[in-house]
Amino acid sequence: MTYKWNVSSAAHTLIDAENRRQELGKITDEWPELDLDVAYQVQDETLARRLMRGEHVTGVKLGLTSRAKQERMGISSPLTAWLTDAMTLAEGVPLQLDSLIHPRVEPEIVFVLGEAIEGPGITAAVALQAVRSVHAGLEVIDSRYRDFDFRLPDVVADNASSGRIVTGGLSVAPAGLDLALEPCVLHVNGEVVHTATGAAVQGHPAEALALAANTLAARGVALQPGWIVYTGGLTDAVHLQAGDHVVAEFGHLGSVVMTAS
Ligand code: 0L1
Ligand code: MG
């Protein structure tokens, strides 16, 4: 009998689960040797399969950059993953819940790059100089694993639970902003459910951007001009139900709105 798991079969299993909107058990339960290097190879293979079906890369996202997210998921290491155009949801277009498995939503601070950032050795200050604009964002995460129950290699392989992103239309220049102090209030159906400031993400969202540049450099990737960077959930994520109206309200970045149907 041949062993079931390798980079190709893991990528196939994850993309197939996403296509069929079906939950999986943790891959590491059956493939305990799956380490981080190989998990990132699986992630890259899932990207290759997305590109083969016509998607293109629009940027990267970080995950598990805040204590709120790390404590909820029981994992203390940040990770990176890919964003493609198919994940973009325009503000005002309802999120179709039946296109996903068990979506949750979280507020994020988002960078759009004006210049490339190539690690290693990038500091937050240097990273911030490459930012063209800063935005309010909502990320809809949709783990392919049952009950969002995973270990770090599982979630890395699963492209950090990527689902959809909704980026606020207000485009703010980074100069003059203090993103560590930037307040965020997450409202669902008119109720405040979570609050945070930008410092929740690695002390400052630009630290997350530098982290992405430095860790991706180890995989031979430079952040490109025009790429969008989701810096990680500022707060715990919220389960979505049909009819939910979600607003992430920031201090200087405006608000971003999403409705689930
Ligand atoms: O922004 C984030 O921290 C996303 C983390 C992805 C893992 C998850 O919570 O499913
Ligand atoms: Mg996120």
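Mind checking which residues of the stretch 139-182 are in a strand (DSSP E or B) and either basic (Lys, Arg) or farther than 21 Å from residue 70 by Cβ (or both)? Hits for the stretch 139-182 are 164, 166, 167, 172.
Here 171, 143, 99, 133 are screened, and the one residue that is open to solvent by less than 30 Å² (accessible area, probe 1.4 Å), away from ligand 2 (no atom under 16 Å from the Cβ) and of a type in the set (S, T, N, Q) is 133. Among the residues of the stretch 102-128, count how many are under 28 Å from residue 151 (Cβ atoms) and either within 16 Å of ligand 2 (Cβ to nearest atom) or under 11 Å from the mean Cα position of the chain (by Cα) (or both). Summing the residues that are under 28 Å from residue 151 (Cβ atoms) and either within 16 Å of ligand 2 (Cβ to nearest atom) or under 11 Å from the mean Cα position of the chain (by Cα) (or both) in the stretch 102-128 gives 9.
Inspect the stretch 113-128 for any residue being touching a Phe, Trp or Tyr at 6+ places or on another chain (Cβ under 9 Å), within 13 Å of ligand 1 (Cβ to nearest atom) and either in a helix (DSSP H, G or I) or touching a residue at least 60 places away in the same chain (Cβ under 8 Å) (or both) and give the result as yes or no. Checked the stretch 113-128: no residue is touching a Phe, Trp or Tyr at 6+ places or on another chain (Cβ under 9 Å), within 13 Å of ligand 1 (Cβ to nearest atom) and either in a helix (DSSP H, G or I) or touching a residue at least 60 places away in the same chain (Cβ under 8 Å) (or both).
Residues in the stretch 233-261 that are among the polar types (S, T, N, Q), over 20 Å from residue 88 (Cβ atoms) and in contact with a Pro (Cβ under 7 Å, 6 or more places away or on another chain): 235 only.
Number of residues in the stretch 201-235 that are within 12 Å of ligand 1 (Cβ to nearest atom) and surrounded by fewer than 24 Cβ atoms within 10 Å (Cβ to Cβ) equals 2. Candidates in the stretch 218-230 are the residues that are out of contact with any helix residue (DSSP H, G or I) (no Cβ under 8 Å at 6 or more places or on another chain) and over 13 Å from residue 40 (Cβ atoms); of these, the one that is farthest from ligand 2 (Cβ to nearest atom) is 225.
Take the residues in the stretch 39-63 that are within 16 Å of ligand 2 (Cβ to nearest atom) and either out of contact with any strand residue (DSSP E or B) (no Cβ under 6 Å at 6 or more places or on another chain) or among the hydroxyl-bearing types (Ser, Thr, Tyr) (or both); name whichever of them is farthest from residue 215 (Cα to Cα).
58
Scanning the stretch 1-24 for residues being open to solvent by less than 40 Å² (accessible area, probe 1.4 Å) and under 21 Å from the mean Cα position of the chain (by Cα) gives a total of 7. All of 117, 101, 165, 109 fail the test of being on the phi < 0 side of the Ramachandran plot and touching a Cys at 6+ places or on another chain (Cβ under 8 Å), apart from 109.
The set of residues from the stretch 70-86 being open to solvent by 10 Å² or more (accessible area, probe 1.4 Å) and either closer than 12 Å to residue 140 by Cβ or within 16 Å of ligand 1 (Cβ to nearest atom) (or both) comprises 70, 71, 72, 73, 74, 75, 76, 77, 78, 82.
Residues of the stretch 145-168 that are of a type outside the set (Asp, Glu), under 14 Å from the mean Cα position of the chain (by Cα) and near ligand 1 (Cβ under 10 Å from one of its atoms): 155, 156, 159, 160, 161, 162, 163. In the stretch 27-78, counting only helices (runs of 4 or more DSSP H) that sit wholly within it, the ones holding 1 or more residues that are over 16 Å from residue 236 (Cβ atoms) span 27-30, 36-52.
Taken over the stretch 182-209, the criterion of being away from ligand 2 (no atom under 16 Å from the Cβ), in contact with a Ser or Thr (Cβ under 6 Å, 6 or more places away or on another chain) and hydrophobic (A, V, I, L, M, F, W, C) is satisfied by 185 alone.
Evaluate the following for residue 88: is it in contact (Cβ under 8 Å) with a residue 12 or more places away in the chain and under 21 Å from residue 56 (Cβ atoms)?
yes
The values are calculated or read from the model by the stated rules, or taken from the named source; none is laboratory data. Because the structure is a prediction, the values reported are computed rather than measured. We place every Cβ from the backbone using ideal geometry, glycine too, and count neighbours over all the protein chains shown. Side chains are part of the model used for accessible areas, which takes the heavy atoms of the whole protein and leaves out ligands, DNA and RNA. Shrake-Rupley method; radii C 1.70, N 1.55, O 1.52, S 1.80 Å.
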